[in-house]
Amino acid sequence: MNLSVVIPTLGGIELKDTIEALQNSSIRPMEILICIPNSSELLAEIDLSDNIKIIRTKKKGQVYQRMIGFLAVKGDLVLQIDDDIILVKNAIKRLVYCLDSLSGKAAISPNLLKQGTNQSAFSRNSNTISRRFSDWVLNGRSGYKPGVLSLSGVGFDLDFNDNTQENTESEWIAGTCILHRSQNLVTQDFFPFSGKAYSEDLIHSILLRQNGVKLYVCNKAIAYVGATP
């Protein structure tokens, strides 16, 4: 099994911890492609091991940088990951297990937790009156349902909180960390604008689903994130 990892980054110091977690994973990547714009300096102190490759991109943009990485991968499986995500040691192994258990086209994301806690990065208080009213505005009578793309086009949080199931199908998944089969990658710059790529997770998820790819969250694969993705 050949695993490629694609990391779009501006070269911040937090990248070091992400790389170390990948290198110490129960499945060590065949290659880690660090995609950084020509205009950015790599500040993170990284051991440039035999499986790490720096790819310089012509312009800055998370979607564009990731696309350039996708076009260069050699692995059968491809993990896209942000530069501030920490995977626990067995996370990739669990993601691969979950993906292998699924028939047809599929992509899968880990269970994202707030750094240093067991709390979902998407946790929310859904019992307040204001929250219920907001959910009604966004999704009508159906209200809040985890992982659903609401009638207004907003993606509801991925707080499934269900360890009884190995994975849960979702209408969208967070681009902070997704495991793909290489033949299912979206290799287009679908957000060709400057600045932060708002809602790129939803756009990416819609494009994957249009290509017949089902989306899942692997409840038992854990990744830590410093802030809500």
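The values are calculated or read from the model by the stated rules, or taken from the named source; none is laboratory data. No experiment lies behind these values; they were computed from the predicted model shown. Every residue, glycine as well, gets a Cβ built from its backbone with ideal geometry; the counts of neighbours run over all protein chains shown. To get the accessible areas, we keep the full protein, side chains included, count just its heavy atoms, and leave off ligands, DNA and RNA. Shrake-Rupley method; radii C 1.70, N 1.55, O 1.52, S 1.80 Å.
For the range 79-118, enumerate the residues that are among the β-branched types (Val, Ile, Thr) and modelled with pLDDT of 95 or more. Passing the criteria: 81, 85, 86, 88, 92, 96, 108.
Among the residues of the range 164-200, those identified as surrounded by fewer than 20 Cβ atoms within 10 Å (Cβ to Cβ) and touching a Cys at 6+ places or on another chain (Cβ under 9 Å) are 166, 168.
When the range 47-97 is examined, which residues are found to be free of Cβ contacts under 8 Å to residues at least 60 places away in the same chain, touching a Leu at 6+ places or on another chain (Cβ under 6 Å) and not aliphatic (A, V, I, L, M)? Selection gives 53 alone. Condition (residue is open to solvent by 10 Å² or more (accessible area, probe 1.4 Å) and touching a residue at least 40 places away in the same chain (Cβ under 8 Å)) applied to the range 140-152: is it met by at least one residue? There is at least one residue in the range 140-152 that is open to solvent by 10 Å² or more (accessible area, probe 1.4 Å) and touching a residue at least 40 places away in the same chain (Cβ under 8 Å). The residues of the range 39-75 that are under 22 Å from residue 23 (Cα atoms) and aromatic (Phe, Trp, Tyr) amount to a single one, 70. Within the range 178-229, the set of residues being of a type in the set (D, E, K, R) and under 21 Å from residue 7 (Cβ atoms) comprises 181, 189, 196, 200, 201. Filtering the range 174-203 to residues that are farther than 16 Å from residue 92 by Cβ, touching a residue at least 60 places away in the same chain (Cβ under 8 Å) and in contact with a strand residue (DSSP E or B) (Cβ under 8 Å, 6 or more places away or on another chain) leaves 174, 175, 184, 185.
Scanning the range 105-119 for residues that are out of contact with any Cys (no Cβ under 8 Å at 6 or more places or on another chain) and either outside any strand (DSSP E or B) or of a type outside the set (Gly, Ala, Ser) (or both) yields 105, 113, 114, 115, 116, 117, 118, 119.
For residue 89, the stated conditions do not hold, so it cannot be described as part of a loop (DSSP other than H, G, I, E, B), touching a strand residue (DSSP E or B) at 6+ places or on another chain (Cβ under 6 Å) and charged (D, E, K, R).
Selection of the range 97-126 for residues being over 12 Å from residue 159 (Cβ atoms) and in contact with a helix residue (DSSP H, G or I) (Cβ under 9 Å, 6 or more places away or on another chain) yields 105, 106, 107, 108, 109, 110. Of the set (1) farther than 20 Å from residue 188 by Cβ; (2) surrounded by fewer than 22 Cβ atoms within 10 Å (Cβ to Cβ), all apply to residue 95 but (2). Considering (1) at pLDDT 85 or above; (2) over 30 Å from residue 74 (Cβ atoms); (3) not hydroxyl-bearing (Ser, Thr, Tyr), say which one residue 173 fails and leave the rest. The failed condition is (2).
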